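The values are calculated or read from the model by the stated rules, or taken from the named source; none is laboratory data. Remember, predicted model here, so these are calculated numbers, not experimental data. Backbone-built Cβ (ideal geometry, glycine too); neighbour counts: all protein chains shown.
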Amino acid sequence: MPSGPSKQELEMYWRDSRQYFDELARYYKESDKAYYDEYIAPFYSNPLYNVSGSSGKKSGGVKLLIVLVVFFFLIAGGGAVLFFIISEYSSKDTDPVFKEKKTESVNKEESITKENEKEPGDDSSLSSDDHFIIGSKKIGEKDYDKAEYHLKKVKPGTQYYEQAKQLLDNMKYLRKYNK
């Protein structure tokens, strides 16, 4: 049985009244060395409660160490996330299925561009969607005659018919104000 305050009381003194704890420590260090060594000395030797001098302030070294460890884990976690994001995007470039889809889309764009360069009467292989895309592109290039030709080729009931109709209606304003 301890001859002084209990361990819980000492923890409370350590936390709430450091000056009183230090006075108790001095008293028991001189009067009851065994009690001091068993109950009070661990507070001073614990790195989380390490004190600098008799001012009762916690050591900044432990706090700095904890902050550095947390900072290291945050940086490592961010690096791992960045690595996975970069590896995900780079795997798309080497993925044969992705390359095949990319090649198909590039080939379709090239064929539309080649067909776009043809004369307006030579468009038997173009679908309504292709006509809408070409017409929209021609509006962006301010070539309203070719745009009107292609937008008129969009068939009713197709995906872009309503949009083509709206573009044709707005074409008169585009011609008037965009020249």
Of all residues in the stretch 136-160, count the ones that are surrounded by 12 or more Cβ atoms within 10 Å (Cβ to Cβ) and part of a helix (DSSP H, G or I). 12
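If you check Ala34, Ala41, Ala76, Ala80, which single one turns out to be at pLDDT 85 or above, surrounded by fewer than 12 Cβ atoms within 10 Å (Cβ to Cβ) and within 30 Å of Gly4 (Cα to Cα)? Lay out the reasoning, then the answer.
On the way: Ala41 fails: surrounded by fewer than 12 Cβ atoms within 10 Å (Cβ to Cβ); Ala76 fails: within 30 Å of Gly4 (Cα to Cα); Ala80 fails: within 30 Å of Gly4 (Cα to Cα).
Sole residue among the options that is at pLDDT 85 or above, surrounded by fewer than 12 Cβ atoms within 10 Å (Cβ to Cβ) and within 30 Å of Gly4 (Cα to Cα): Ala34.
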Apart from one, (1) in contact with an Asp or Glu (Cβ under 8 Å, 6 or more places away or on another chain); (2) loosely packed, with under 11 Cβ neighbours inside 10 Å all hold for Gln8; the odd one out is (1)
